[in-house]
1. Nearest 20 debye, what's the magnitude of the dipole of segment B:186-320 about its Cα centre given +1 on Lys and Arg Cβ and -1 on Asp and Glu Cβ?
2. In this model, which of A:Lys289/B:Lys312; B:Lys78/B:Lys279; B:Lys171/B:Lys250; B:Lys279/B:Lys312; B:Lys212/B:Lys312; A:Lys289/B:Lys212 are farther than 20 Å apart at the alpha-carbon?
3. Under a point-charge model restricted to the Cβ atoms of Lys and Arg (+1) and Asp and Glu (-1), what is the dipole moment magnitude of the protein assembly as shown relative to its Cα centre, in debye to the nearest 20?
4. Classify segment B:186-320 as rounded, prolate or oblate from the Cα gyration tensor: take a ≥ b ≥ c as the square roots of its eigenvalues, call it rounded if a/c is under 1.5, otherwise prolate when a/b beats b/c and oblate if not.
5. Work out the length of the dipole vector of chain A about its Cα centre, built from +1 on the beta-carbon of each Lys and Arg and -1 on the beta-carbon of each Asp and Glu, and round it to the nearest 20 debye.
6. Mind jotting down the distance between the C-alpha centroids of segment B:46-67 and segment B:135-183, whole Å?
7. Which one, B:Gly33, B:Pro217, B:Ala337, is farthest towards the positive end of the dipole of the protein assembly as shown when Lys and Arg carry +1 and Asp and Glu -1 on their Cβ?
8. For a footprinting-style exposure proxy, rank B:Cys218, A:Cys332 by other Cβ within 10 Å, fewest first.
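Derivation of every value follows stated rules applied to the coordinates shown; laboratory data play no part. Not measured: the values here are computed from a predicted model. Neighbour counts are summed over all protein chains in view; Cβ atoms, including those assigned to glycine, are modelled from backbone coordinates with ideal geometry.
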Amino acid sequence: MKTLRIALAAAIAAATLLALRPDPTGAVPVFARKYGLNCTNCHSGFPRLNDWGQRFRANGYRLPDRENEEKTVLESPPPFALRTSHGYTYERFENGAEGTNASGFRVHGLDVLSAGVIAPHVSYLMVYPPQLAESRGVQGQEGTIEMASVVFSGLGSPWLNVRAGRFEPAYAAFSVKRHLSITPYEIYDYAFPGGSPFSETQEGIEVTGSSRGFAYAAGLLNGSATNRSSDGPSDAYARASMVIGAGEGQTAGQRIGVTGYLGRARPLEGLTDLQTYSRLGVDASLNLKQVNLAAQWLYGQDPKALWGPGFADDACWSGFFAELSWQPLVECVAFARYDLVNGPAANEEDITRLTGGGRYYFADNLALHLEYSRRTLDTPASDDPTEDLATARLDIGF
Amino acid sequence: MKGRWAASLLAMILVSLTLTWSTGALGQFLANGPLPPVPVPPDNPQTDAKVRLGAQLYFDTRLSADNTISCATCHAPKTGWSNPHPTDTGIRGQVGGRNSGTILNAAYMRVQFWDGRAATLEEQAVGPIHNPIEMGETLENVVRKLNGIPGYRAQFNTVFGTDANPDGIAKAIAAFERTVVTGPAPYDRWLAGEKSAMTPAAVRGMNLFNGKGHCSPCHSGPAFSDQGYHNIGAGMDRKDPDLGREVVTKDPRDRGRFKTPGLRNCALTPPYLHTGSEKTLADVIAYYDRGGIANPNLDPLMLPLNLTSREKADLVAFLEALTGTQPNITPPALPEAGPAQEGGSR
């Protein structure tokens, strides 16, 4: 345990030193290191991708139009990067008269990333948070593979790229792994008991393509953990989007999209047959100069069996978030978001969340993150449980 | 327990490795470091006599059909070895289609001309002479004229062991051009550790150049050119756009692609782009900020940048910090026309 803490402390110290080095063109994570580029080439406020980064990702982690110059992992600097954040967090939970606080200086995990081109048309990305035991000052994390996918791209047509393995599927129009805030998009976190929300990475296979502003994605996934392995890939989704104006809708261009999802799952309890549930999403990412508005609306329809015995009817729920962000300079970005989830009528629970925050970049890969968020669970009871979170962290990638 | 040991070991190894890697510039894009020594082809070694001869030819209007135009007319030292016109006016006032490149550091480019149609300075050098709208002369005539000037004839014989011929003309001019290179720019001094060499605005501009502006993937290497061809959209909104590289390769994928020009000394060579359509560096930045001009072949890396006005100014400040110390070259005395000269015009 001690060794681990020392290693972690060493990692953080080294990362801070590296990030603060006066030479601004040095310490950069895996892709940046490979190409000798700054983080801001692909990120507008890391971890959020800008349009350039989005094209790079869509092209299978290869620079569009320069694929034949692409170097493989063997020819590039070792393809590893680390990301860690640490800082002070204050949390308060209130439920009626009861209130609890939790606060302190914490290490918020450590991600090991590896990515690169394996062969022409084949690349990979892996994110591995090593196992950390919960202890004072260190937030525990399971040592599971969060993402590990292989991408086959440029297969003769811009309409055919294939991603397989564990990855963040394209139905999450706004990446949960690369969003500006720490607090979750509530509607992406929402699901029936045991169900898999949009925010989770999934195992499966996805085909994507785009040309002239139009893009599509479709995939088959293992889906909810309540499936049995014998059920085979059980979930399917499709997404279409278009961009008006130059860009990918990340920080330039206006993007609108629509997503449909059909999943199959079993209730947590009871041996019912597979139940089919569905999701419909509409999203928009609008840009005006340095301001971005990201909005997602999502509607879910689940058979009553999936929600458990209290449900007499099928459950319909919906919700949205709208996030406004403003990046007046490369060094800073501010954001504000409103989240709303209208839960199924039967459980009479709605969620609202208000979030505001900002990130200041001392260096491309070192950010000071400030965020405040209040989540309220609207229940029939008179006192609604609330959760407040305020945090100041350093977020480092190297 | 084992897992934890492995995890901490992994973390340790990664930290130490990362420390080592990130100190070296290992990126795929060559770092924009200082200029190396000028590359010289083995079949045309530099000699003082050859360079002197090349300089005379460069400044001599007698290489043109009507004795009015020399290389220096369009590539004048005073105007950054280029000229201030959007496109050039050659012999008899004819206007060409493209902005003239600069001779400054042309020796570092792997290909010459906007469309790369000449591979070497040697190959390039005789082109303008017999270009009907540049100097409009035939090579035969130029050779005859030069051999009629005793001073030239003697020099050609000393340098090449023969009378003037197209090969010798090309080699001498190319050798001279290899001396038209610039010394360290404020950027180079900054890189070398002189932190006051660049203003804070220029340093911010450098970070934008390598980051939010996405300039460095194309403008990479010591000369700030990837030596490749890209369609950034310039002129593509015209009725009859210049097809650029496609003219040379006949490949429609090369439509509207032009050679990435080096950016050292670009502050000295307005106007900009092959069209000469952008009058100032600020205009070029504004052009990039808009994401270029849309066309089916636009480079996928061309995107609107959402630069603020401070960021635009910072980028200009950085480009201005790329102006190096200028070569100290004054037009040489030219050999007198000899008795045997046949006259310049036809």
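1. 60 debye
2. Over 20 Å Cα-Cα: B:Lys171/B:Lys250.
3. The dipole magnitude comes to about 1700 debye.
4. It is prolate, given that a/c is not under 1.5 and a/b is the larger ratio.
5. Charge dipole, chain A, about its Cα centre: 1440 debye, nearest 20.
6. 6 Å
7. Most positive-ward Cα: B:Ala337.
8. Values: B:Cys218 21, A:Cys332 15.
Listed from fewest to most nearby Cβ atoms, that is A:Cys332, B:Cys218.
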